Amino acid sequence: SEPSFLPETLAERTLANQISRHHDMYIGPAMWCLYKLTHPLGYSVRRSEAMEDLKIQFGKLEEMVPSSSSNNEQYLTGSTISIADCAIFPTLCFLGYMLPFFDWSESDLMGPKLSKWFKFIETTETGAKIKSEMEGALQKWAESGRWDTILFAGKKDTAPGTVFDKIVKKEIPSDIVYEDDNVIAFKDINPAAPVHILIIPKVREGLTRLREATTENATILGQMNVAAAVIAKELKLNGFRLVVNDGPKGGQEIYHLHMHLLSGKQMKWP
């Protein structure tokens, strides 16, 4: 007979609902970081933050799954397949294909209970079919270059670190005039104007220069401009200029994207 996907006990049915809700509310929304260029709803979340959140949510899922007390309890909530299995298994097939692109393995997401359960499901006829069909579709994505431009997959920041990394980590002193969770600004030690402030993203993530920016970086670029506005108001600047140098011919010396905020004198063009 066809499975009902409803466990026999109230406790198991409740757990199945809890796992399914956790999947839909927390795991599903975080998955974008492994296959989309930007957050689908436009939220200002860095990819690295979303990837860490994905790990956290699977850690919570691992805690929700009861330990098997017998060989019959092979499904997420016990001895009967439920909506929880139907939600989580395809998701892990989906994620499992993508993890190697990011130098992750299944163990980065699955604890021992989830891993044991997944191995059991993928050996069933239905599980094997689902996994095969999903991997076939994802293979077409890979062949089309889906991950070629996604940060941490096809696109990696392999450039050497800079002095700005040490400033962000407070390993060397700097005269900081502004700082929030994502942006830091400090006075240039070789000022080209009475007021000369450098504004940088705290985490470079491939932004060695402006030409490397993509839609993924729209949020941090906006936050840098907002920081400039806040600084100008706090310092009561009557006017200022923002400059971004790109590459050797653009006069760039440090390959960690930064803006120069210049003020305190009459600016000329160029």
Just a yes or no: is a residue in the stretch 180-191 open to solvent by 30 Å² or more (accessible area, probe 1.4 Å), β-branched (Val, Ile, Thr) and modelled with pLDDT of 95 or more? yes
Which of (1) open to solvent by 60 Å² or more (accessible area, probe 1.4 Å); (2) touching a residue at least 40 places away in the same chain (Cβ under 8 Å); (3) over 21 Å from GLU122 (Cβ atoms) does LEU10 not meet, given it meets every other one? (2)
SER144 vs. criteria modelled with pLDDT of 95 or more and closer than 14 Å to PHE89 by Cβ: no
A careful count of residues in the stretch 241-257 that are in contact with a Ser or Thr (Cβ under 7 Å, 6 or more places away or on another chain), crowded, with 17+ Cβ neighbours inside 10 Å and over 14 Å from ALA185 (Cα atoms) gives 1
I'm trying to understand the selection: among the residues of the stretch 204-229, which are in a helix (DSSP H, G or I), of a type in the set (Gly, Ala, Ser) and in contact with an Asp or Glu (Cβ under 8 Å, 6 or more places away or on another chain)? ALA227
Of all residues in the stretch 135-151, count the ones that are of a type in the set (Phe, Trp, Tyr) and part of a helix (DSSP H, G or I). 1
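Here's the yes/no breakdown for (1) of a type outside the set (A, V, I, L, M, F, W, C); (2) modelled with pLDDT of 90 or more:
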residue: LEU6; (1), (2): no, no
residue: ASP24; (1), (2): yes, yes
residue: LEU34; (1), (2): no, yes
residue: PRO40; (1), (2): yes, no
residue: TYR43; (1), (2): yes, no
residue: MET64; (1), (2): no, yes
residue: SER68; (1), (2): yes, no
Just give me the residues in the stretch 193-221 being surrounded by 16 or more Cβ atoms within 10 Å (Cβ to Cβ) and of a type in the set (Ser, Thr, Tyr), in sequence order. THR208, THR219
Which of the residues spanning the stretch 152-168 are surrounded by 10 or more Cβ atoms within 10 Å (Cβ to Cβ) and not in a helix (DSSP H, G or I)? PHE152, ALA153, GLY154, LYS155, LYS156, ASP157, ALA159, GLY161, THR162
Of the residues in the stretch 225-240 that are surrounded by fewer than 16 Cβ atoms within 10 Å (Cβ to Cβ) and of a type outside the set (A, V, I, L, M), the one that is farthest from GLY264 (Cα to Cα) is ASN225
For the stretch 147-202 the number of residues that are free of Cβ contacts under 8 Å to residues at least 40 places away in the same chain and among the hydroxyl-bearing types (Ser, Thr, Tyr) is 2
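The values are calculated or read from the model by the stated rules, or taken from the named source; none is laboratory data. All values reported here derive from a predicted model rather than from experimental measurement. Counting neighbours? That spans all protein chains shown, and the Cβs are built from the backbone with ideal geometry, glycine included. The protein model used for the area step is the full one, side chains on, heavy atoms only, and it has no ligands, DNA or RNA in it. Shrake-Rupley method; radii C 1.70, N 1.55, O 1.52, S 1.80 Å.
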